[in-house]
Amino acid sequence: MRLYIIGAGVIGRTHAETAKKLSEPIKLRVADTNPIALAAFCDQFPEAIGFTNVEEMLNSEAAENDDIVIISTPPLAHLDPTKLSLKSGRHVLCEKPLAMNLSQAEEMVQLAEKHDRYLGCCSVRFKGMPHMEAIKDVIRSGCLGDIYHVTFVNKWERSRSGIEYQPASRWFLDSTQSGGGVLMDWGPYDFATLNDILHPDVIEINSAWVAKPITEIDPSDTPFDVETHVGASMTYICDNQPVHVHYERASCAHSEEYVRVEIEGTLGSVRWTPFDSRQPVFKRYDKQGQIVEEQVETGPRSEFTIFDNPLLHFYRKVRGLDSHANVNQQVLNNFQCITALYNAAKKSEKQTIDLVQKGVII
């Protein structure tokens, strides 16, 4: 199998490391217009063939049916290389967020379907992990009864991409390059998780808001116009039953930092930490009028990390194996959640995403 990486930076090198763990030899190609980044990549992976031009790389050899291209560039540079790669006859795994806006995402998915290729997104880093699968097993067992409420809150005091995290990557702070703030950065993971666990037919975003708490170290020498705190009140319609979801994500907040993810049903509840597999999963239920709390067995941790999962899942999908990858319409569904939340906050209007009819209704 051949793997073509567009973008020779940190993320591109991460995917190249994962390629070594796959169950077959991988031929590696990489393209980057930055000669320093390209040289550093090729030093680390001397077996790779390097190119300074994406089209030159894609045209250097005829496409094979199992070729995979990974887009490891900032969001502003996702659309064009994705289109070139799909048109070349290759499957594409794109870093998150999938695109800068919904029209770009729709164009990418339509092109993938036109060329009978898979378009995946790296928002699946946390799918398939043992503790996440344990949550799905709890729900399938029926021990929670009828699910009616979900709390999905992850608030960090200071973890802004481009400031506290990866401070050299200031593009995170500029919406013309990133597409948005913490919702674009972490929302892909959040909705990939929520949608995988709840399997909704319809998602109603009843209300939403975005905010940017101010700190004394906010940069003044670069554009900084993205949100760092976002929230929404949503209703997931699952098998004709409403599940009320309180959603909140912050990379900067002046309130106390905390994570609370919990599913509540008429017979019990389950809580866990989606993005930390080291934390336990707890189930709570009533026994003779008293609350009982039990730790759920999740099994051993996977040998693959969250950084491996996107390529691992996509590779398995291309190979026709059982896979946790999100591709084509699934990718678009998750991205619609993000754009609909932005629209709900901007317009102060309810947004409805019909996942059966594949569209957003205002």
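Points to keep in mind about this one:
- Taking Cα atoms only, the orientation of helix 309-318 departs from the longest principal axis of the chain by about 70 degrees.
- Restriction of the GluC sites (Glu not before Pro) in the range 1-84 to DSSP coil positions whose beta-carbon has at most 16 other beta-carbons within 10 angstrom yields GLU47, GLU61, GLU64.
- For LYS27, residues with placed amide H under 5 Å, excluding near neighbours: ARG2, LEU3
- Residues of type aspartates and glutamates that LYS20 reaches as a straight line, Cα spacing below 12 Å, ignoring anything fewer than 8 places off in the same chain: GLU47, ASP308
- Scalar couplings 3J(HN,Hα) for the range 235-251, obtained by applying the Karplus form with A = 6.51, B = -1.76, C = 1.60 to θ = phi - 60°, are 10, 9, 9, 10, 6, 6, 10, x, 10, 8, 10, 9, 10, 8, 9, 9, 9 Hz; x denotes Gly and Pro.
- Cβ charges +1 (Lys, Arg) and -1 (Asp, Glu), total dipole of the chain, debye: 320 debye
- Those lysines that a straight Cα-Cα span of less than 27 Å connects to LYS287, excepting residues fewer than 8 apart in one chain: LYS136
- Taking every DSSP helix (H) stretch of at least 4 residues in the chain, weighting each as -39,500 (n - 2.57) and dividing the sum by the residue count yields a mean residue ellipticity at 222 nm of -9000 deg cm²/dmol.
- Note, ³J(HN,Hα) from phi for the range 197-214, Karplus 6.51, -1.76, 1.60, rounded to Hz, x at Gly and Pro: 7, 9, 6, x, 8, 9, 10, 9, 9, 6, 7, 7, 8, 10, 8, 9, x, 9
- Charging the Cβ of each Asp and Glu at -1 and of each Lys and Arg at +1, and nothing else, the dipole of the range 100-166 about its Cα centre rounds to 220 debye.
- Between the range 129-155 and the range 233-300, the C-alpha centres lie 6 angstrom from each other.
- The range 110-221, dipole about Cα centre (Lys/Arg Cβ +1, Asp/Glu Cβ -1), debye to the nearest 20: 200 debye
- Unit charges at the beta carbon, dipole of the chain: most positive-side option, ALA48, GLY320, SER141: GLY320
- Sparse-neighbour loop sites [GluC sites (Glu not before Pro); the range 129-211; at most 16 other C-beta within 10 Å; DSSP]: GLU157, GLU164
- Of all lysines in the structure, the ones whose alpha carbon falls short of 24 Å from that of LYS83, not counting any fewer than 8 places away in one chain, are LYS27, LYS96, LYS114, LYS317, LYS358.
- Those chymotrypsin sites (Phe, Trp or Tyr not before Pro) in the range 69-173 that DSSP places in a loop and that have at most 11 other beta carbons within 10 Å: none
- Look at the dipole of the range 186-269 built from charges on Cβ: of HIS254, TRP186, GLY265, the Cα furthest out on the positive end belongs to GLY265.
Just so you know, all these numbers are worked out from the coordinates, no wet-lab data involved. In this text the structure is predicted, and so the values were computed from the model without any measurement. So basically every Cβ, Gly included, is an ideal-geometry build from the backbone, and we count neighbours across all protein chains shown.
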